[in-house]
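Chemist: Quick one: the structure is below, questions incoming.
Each value in this text was obtained by applying a stated rule to the coordinates, not by laboratory testing. All values derive from a computational prediction rather than experimental measurement. Note: ideal-geometry Cβ built from the backbone for every residue, glycine included; neighbour counts use all protein chains shown.
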Amino acid sequence: MKNNLAILLILPGFFLLSCAPKIPQISRIAVKELDYNPLEFSYLKGKGKINYQDDSIRLSATANLRIKKDSVIWISFTKKIELARGIITQDSIVFLDRWHKVYYVYTFDDLSRKFNFKIDYQLIQSMILGEMIMDIENNQSISPEGNFFHVRQVKENVVIDNYINKSIMKVERVEMLEVPTKNSLSLNYGDFQYIDEIPFPFSGIVFLNYINSDEQFTTKIAFNFEKAEFQDRELKLPFNIPEKYDRQ
């Protein structure tokens, strides 16, 4: 079940970074001309399949996802029975391992110090939703490239390249690179379907390449929503830690 924890934490968990690179100047478009199409909702409810694969492990599960925008992310992994449940708030991540009857608690401050990179709720929510990880600012470079607008950004010591599909004005690909180590993470979104007239990615693939103890590792996560909907009414986000569970 520790591998299910990897599913929950893989997106923010591998920014192993050091110094900020110099950014090429490729700006061709004013920010005000880029009519990006962000998601606007109160609650999101979704269900789908998630597959995890690294150099030694393969696993799959059904994921039930509920989000209160800019506030709480709730997720449950099942395979006939519930295997794990996690909740992400503005200050922490808590994860229950139902199989081993243990739980984990991570604060964003601790994660940020550990990986030398600012990890917060907004970053995780943006990755799940296929949104811009950072807001576009006037001093960032934007250029048209084929069917995309290419937005290059720097977050402390990470280069982030966003590729926004011109036809639907949604992020279709994100590439993140730490220059000194060449650690990289890429997100590819697809199967855009309209929910309340807003395009939403129903599928995505995450590729992570990183070095640990001089060894090269690759991790792949694929998800496919079977259904997803926005709601105005409040969703239940049930989460409690049983008394018999041990903290790890």
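Chemist: Between SER71 and GLN216, how high is the FRET efficiency from 1/(1 + (r/R0)^6) when r is the Cβ-Cβ distance and R₀ = 30 Å? Nearest 0.05.
Modeler: Numbers: r = 38 Å, r/R0 = 1.25.
E between SER71 and GLN216, to the nearest 0.05, is 0.20.
Chemist: Scan around LYS155 for amide H atoms under 5 Å from its own, H built in the peptide plane at 1.01 Å from N, and keep only partners 5 or more places away or cross-chain.
Modeler: ILE160
Chemist: Decide, for region 36-143, between rounded, prolate and oblate: order the square roots of the alpha carbon gyration tensor eigenvalues as a ≥ b ≥ c, take rounded if a/c falls under 1.5, and otherwise choose prolate if a/b is larger than b/c, else oblate.
Modeler: Numbers: a/c = 1.78, a/b = 1.51, b/c = 1.18.
Prolate is the answer for region 36-143, as a/c is 1.5 or above and a/b outweighs b/c.
Chemist: Rounded, prolate or oblate for region 80-218? Axes are the square roots of the Cα gyration tensor eigenvalues, ordered a ≥ b ≥ c, and the cut-off for rounded is a/c under 1.5.
Modeler: Values: a/c = 1.85, a/b = 1.31, b/c = 1.41.
Since a/c reaches 1.5 but b/c is at least a/b, the shape of region 80-218 is classed as oblate.
Chemist: How would region 201-248 be classified by its alpha-carbon gyration tensor: rounded, prolate or oblate, with rounded meaning a/c under 1.5 and the a/b versus b/c comparison settling the rest?
Modeler: Working: a/c = 4.10, a/b = 1.27, b/c = 3.23.
Oblate, because a/c is 1.5 or more while a/b does not exceed b/c.
Chemist: On to the next question. Amide H of ALA61 versus every other amide H placed in the peptide plane: which residues, excluding those fewer than 5 positions away on the same chain, fall under 5 Å?
Modeler: Result for ALA61 returns ILE50.
Chemist: Pairs to check: LYS45/LYS170; LYS170/LYS220; LYS45/LYS244; LYS69/LYS118. Give those whose C-alpha atoms are more than 25 Å from each other in this structure.
Modeler: On the way: LYS45/LYS170 20 Å; LYS170/LYS220 22 Å; LYS45/LYS244 30 Å; LYS69/LYS118 20 Å.
Going by Cα-Cα distance, LYS45/LYS244 fall outside the 25 Å limit.
Chemist: Name the long-range amide H neighbours of VAL179: under 5 Å, sequence gap of 5 or more, or other chain; modelled H, no Pro or chain starts.
Modeler: The answer is VAL159.
Chemist: Please turn the phi angles of region 212-226 into ³J(HN,Hα) values with the Karplus equation 6.51 cos²θ - 1.76 cosθ + 1.60 (θ = phi - 60°), one per residue in order, whole Hz, x for glycine and proline.
Modeler: 9, 6, 6, 10, 8, 10, 10, 10, 10, 10, 10, 9, 9, 6, 8
Chemist: Apply the Karplus parameterisation 6.51 cos²θ - 1.76 cosθ + 1.60, with θ equal to phi minus 60°, to every residue of region 158-168 and state each ³J(HN,Hα) to the nearest whole Hz, in sequence, with x for glycine and proline.
Modeler: Result, ordered by residue: 10, 8, 10, 10, 9, 10, 9, 5, 5, 6, 10 Hz.
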